[in-house]
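J.: Okay, here's the structure, questions in a sec.
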Amino acid sequence: MKLYIYKTENEVAVGLSKYIKDNFLKNEVVNIALSGGNTPKLLYQVISNSYKDENWNKVHFFWVDERCVPKTDDDSNYKLAKNYLFDSIKINKNNINEIDGTNNPKKEALSYSNQLMNKINMNNNFPSFDLIILGLGDDGHTASIFPNQMKTLDTNNCCEVALHPISNQKRITLTKNTINNAKNIVFHVTGKNKSSVVDKLINKLGKYKNYPAHYIKPNNGNLSWFLDFSAASKINKI
Ligand code: 6PG
C-alpha cells in the first residue's frame with residue numbers, strides 16, 4: 001500500500017491527475033472505473049485543465065457505482081463526469097460506458113455485469129480493470145457498499161443493487177470481488193471529516209472491520225491512497 005499525501009485537496013487532484021496521465025495514457029486500451037460523490041469534481045477539473053489535449057482514445061471509462069436516477073439528474077455520477085471531464089477532453093463517446101440509472105435496478109446490475117465481462121479482460125472469473133478510483137464515506141463505505149449491506153462484499157456477481165442507508169436511494173455498484181480484481185486501486189480521499197475513518201482503516205483501529213473499505217485489498221494489484229493533510233491528519237497519531 002502506498003500513501004501519497006499532499007497539503008491541499010487541489011494538490012491531491014494535481015498529483016492524482018499526473019499519476020493517471022503518466023501510467024494510464026498508453027498506446028493500448030486501458031479500462032478505468034470512476035466513483036461519484038463530490039471529491040472527483042476537482043480531479044476532473046484538473047485533468048480537463050492540464051491534460052485535455054492528451055490522447056484519451058485508448059481509455060475506456062466505466063463507473064464504480066451509479067445512483068438510480070436519469071443521467072441528467074444532479075445526483076448522477078455520469079453527469080458529474082460529463083460536465084467536468086468528458087465535455088473537455090477529446091474522447092470517443094463509445095469509450096464511455098455509463099450505467100443506466102433509469103433501468104430496473106436488478107436488470108441493470110445484470111446488464112452492466114454482462115457489459116463488463118464482454119468489454120474487459122477477465123481474470124479469476126471477474127473483469128480486471130486497469131484502474132479503479134474509489135472514494136470513502138465517513139462511515140467507511142466505498143463504492144455503494146455500505147456498512148449495513150456487507151453481503152455486497154461476498155457476492156459472486158460483478159455488480160449488485162445497493163440502497164443508500166439514509167436516503168434509501170437505489171444504487172448499482174461494483175462488488176468487492178470486481179474491485180479487488182483490479183490491477184490498480186486508488187482511494188481518493190480529502191477533508192477533515194474523513195480523518196478518523198482514514199486513520200482507523202490504515203492503522204486497523206476501533207471498529208475498522210465494520211467498514212466495507214477495509215475489505216478492499218487488490219488480489220494481485222496495487223493499492224494507493226491519495227490524501228490531503230486534512231484527511232491524513234490522524235494517521236501518525238498512534
Ligand atoms: C457515490 C460514491 C461514494 C463516494 C463516497 C465519498 O456514488 O457517492 O461512489 O462511494 O465516493 O460517498 O463521497 P464524497 O466524495 O462526496 O465525500
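J.: Given the condition over 24 Å from Met117 (Cβ atoms) and touching a strand residue (DSSP E or B) at 6+ places or on another chain (Cβ under 7 Å), answer yes or no: does some residue in region 32-41 qualify?
T.: Checking region 32-41: at least one residue is over 24 Å from Met117 (Cβ atoms) and touching a strand residue (DSSP E or B) at 6+ places or on another chain (Cβ under 7 Å).
J.: Failed condition for Ile47, given (1) away from the ligand (no atom under 11 Å from the Cβ); (2) hydrophobic (A, V, I, L, M, F, W, C); (3) in a strand (DSSP E or B), with all others met?
T.: Exception for Ile47: condition (3).
J.: A follow-up question, please. Can you tell me which residue is farthest from the chain's Cα centre (by Cα) among those in region 165-192 that are more than 16 Å from Leu3 (Cα to Cα) and hydroxyl-bearing (Ser, Thr, Tyr)?
T.: Ser167
J.: I've got another one for you. Go through region 1-33 residue by residue and tally those that are within 16 Å of Ser230 (Cβ to Cβ), open to solvent by 70 Å² or more (accessible area, probe 1.4 Å) and assigned to a strand (DSSP E or B).
T.: The qualifying residues number 2.
J.: Kindly provide the set of residues from region 154-177 that are among the hydrophobic types (A, V, I, L, M, F, W, C) and closer than 16 Å to Asn124 by Cβ, ordered by number.
T.: Cys158, Leu174
J.: Can you tell me how many residues in region 47-87 are touching a strand residue (DSSP E or B) at 6+ places or on another chain (Cβ under 8 Å), aliphatic (A, V, I, L, M) and in contact (Cβ under 8 Å) with a residue 40 or more places away in the chain?
T.: 2
J.: Across region 193-235, which residue is farthest from the ligand (Cβ to nearest atom) among those that are under 28 Å from Met117 (Cα atoms) and either more than 14 Å from the chain's Cα centre (by Cα) or of a type in the set (Lys, Arg) (or both)? I'd like the intermediate steps shown before the answer.
T.: Taking region 193-235 and keeping what is under 28 Å from Met117 (Cα atoms), we get 211-225.
Adding the requirement that they be either more than 14 Å from the chain's Cα centre (by Cα) or of a type in the set (Lys, Arg) (or both) leaves 211, 214-215, 217, 219-222.
On the way: Tyr211: 12, His214: 14, Tyr215: 14, Lys217: 17, Asn219: 21, Asn220: 23, Gly221: 19, Asn222: 19 Å.
Per the criteria, the residue is Asn220.
J.: Residues being open to solvent by less than 10 Å² (accessible area, probe 1.4 Å), more than 9 Å from the ligand (Cβ to nearest atom) and aromatic (Phe, Trp, Tyr): count how many of those fall in region 51-73.
T.: Residues meeting the conditions: 3.
Residues checked against (1) modelled with pLDDT of 95 or more; (2) among the polar types (S, T, N, Q); (3) surrounded by fewer than 20 Cβ atoms within 10 Å (Cβ to Cβ); (4) part of a helix (DSSP H, G or I):
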site: Asp75; (1), (2), (3), (4): yes, no, yes, no
site: Lys82; (1), (2), (3), (4): yes, no, yes, yes
site: Ile89; (1), (2), (3), (4): yes, no, yes, no
site: Ile99; (1), (2), (3), (4): yes, no, no, no
site: Asn103; (1), (2), (3), (4): yes, yes, yes, no
site: Lys107; (1), (2), (3), (4): yes, no, yes, yes
site: Ser111; (1), (2), (3), (4): yes, yes, yes, yes
site: Asn118; (1), (2), (3), (4): yes, yes, yes, yes
site: Phe129; (1), (2), (3), (4): yes, no, no, no
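The values are calculated or read from the model by the stated rules, or taken from the named source; none is laboratory data. Just so it is clear, the model here is predicted, and its values are computed rather than measured. A quick note on method: Cβ atoms are made from the backbone with ideal geometry, for glycine too, and the neighbour counts reach across all protein chains shown. These accessible areas exclude ligands, DNA and RNA; they are computed on the full protein's heavy atoms, side chains included. Shrake-Rupley method; radii C 1.70, N 1.55, O 1.52, S 1.80 Å.
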